[in-house]
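Worksheet: one structure, shown below.
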Amino acid sequence: MAQWAVIIPADRWATERLYERDILPVDAAGPAAGASPGDEAILLTGDDDQHHAVALGRFTAPGEISYTRRAFDEPVPADDLKLTESVTALDAESFDRVATRIGRPVARTPWLVSVAMPIEAATPAEAVRQFWTYVAELGPAELPAFVWPSGDDLAMQAFVLGVEANQDPEEEDEDDD
C-alpha cells in the first residue's frame, strides 16, 4: 500500500468543504495514475509556499478518494512535505507525521440545523417548492444556516459558507460607529 499527498486547488477546496461528500474525484489520468485502490492519501490545500492538511482518505478506484477523516474546520500545517506534483508519493514517515497532526476522529454529537425564511405562497406545497428553489439559488454563500447543540437552544449560531456569521443588524451598526 502506497501513501500520497493530494493537493486540492483553493477554489475546489472552498466548494468541497461546504458539503458532506463521501468521495473526492481526482484526475486519474494525471499524476494520480500511479495510485491504486487501498492507497492512503493526505488531502492538502494552500499555495506553493504553504500547505495545510484538511483530510485523510483512501483511493477506492482510479481517480476516486474516499474520506476517512476530515479536518475541514481545523486544517493542520503540512509545509514540511516535499511536494513535486499535485499528487506526490510520500514515504511512510512523512505520511504518518502529518496524519498524526490531523488526529483521530472526534466523537460526534447531535446538532440541530435549521434554515428558515418567510415565503408567501398560495399552498403549503407551493411554499415548499419556493423554499427549495431559494435554497438552490442562494446556496451556502448567501443563505445562513442556524446550528446549535441539541438541547441548548440559547447556543444557536448562524453560519454562512461554513463560518460563523453575525446576523444581528443592530450589532453590525454598532461596529460601524
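The values are calculated or read from the model by the stated rules, or taken from the named source; none is laboratory data. Quick caveat, the model's predicted, so the values are computed rather than measured. Counting neighbours? That spans all protein chains shown, and the Cβs are built from the backbone with ideal geometry, glycine included. In case anyone asks, the SASA skips ligands and DNA or RNA and just uses the protein heavy atoms, side chains included. Shrake-Rupley method; radii C 1.70, N 1.55, O 1.52, S 1.80 Å.
Worth pointing out:
- Pair list, Cβ under 6 Å, 6 or more apart: segment 59-71 residue of a type in the set (Val, Ile, Thr), other residue in a strand (DSSP E or B): 60/66; 65/24; 65/41; 65/57; 65/59; 68/56; 68/57; 68/58
- Which listed residue, of 84, 15, 60, is hydroxyl-bearing (Ser, Thr, Tyr) and closer than 30 Å to residue 157 by Cβ: 15
- Answer from 22, 39 - the residue that is on the phi < 0 side of the Ramachandran plot and open to solvent by 40 Å² or more (accessible area, probe 1.4 Å): 22
Table: residues versus (1) more than 17 Å from residue 1 (Cα to Cα); (2) free of Cβ contacts under 8 Å to residues at least 40 places away in the same chain.
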{"site": "27", "(1), (2)": "yes, no"}
{"site": "35", "(1), (2)": "no, no"}
{"site": "50", "(1), (2)": "yes, yes"}
{"site": "74", "(1), (2)": "yes, yes"}
{"site": "85", "(1), (2)": "yes, no"}
{"site": "114", "(1), (2)": "yes, yes"}
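- Here the condition is being free of Cβ contacts under 8 Å to residues at least 40 places away in the same chain and within 24 Å of residue 47 (Cβ to Cβ); of 80, 91, 96, 168, it holds for 80 alone.
- Conditions (1) within 21 Å of residue 71 (Cα to Cα); (2) at pLDDT 90 or above; number of the one not met by residue 124: (1)
- Of all residues in segment 1-19 being at pLDDT 85 or above and in a loop (DSSP other than H, G, I, E, B), the one that is surrounded by the most Cβ atoms within 10 Å (Cβ to Cβ): 8
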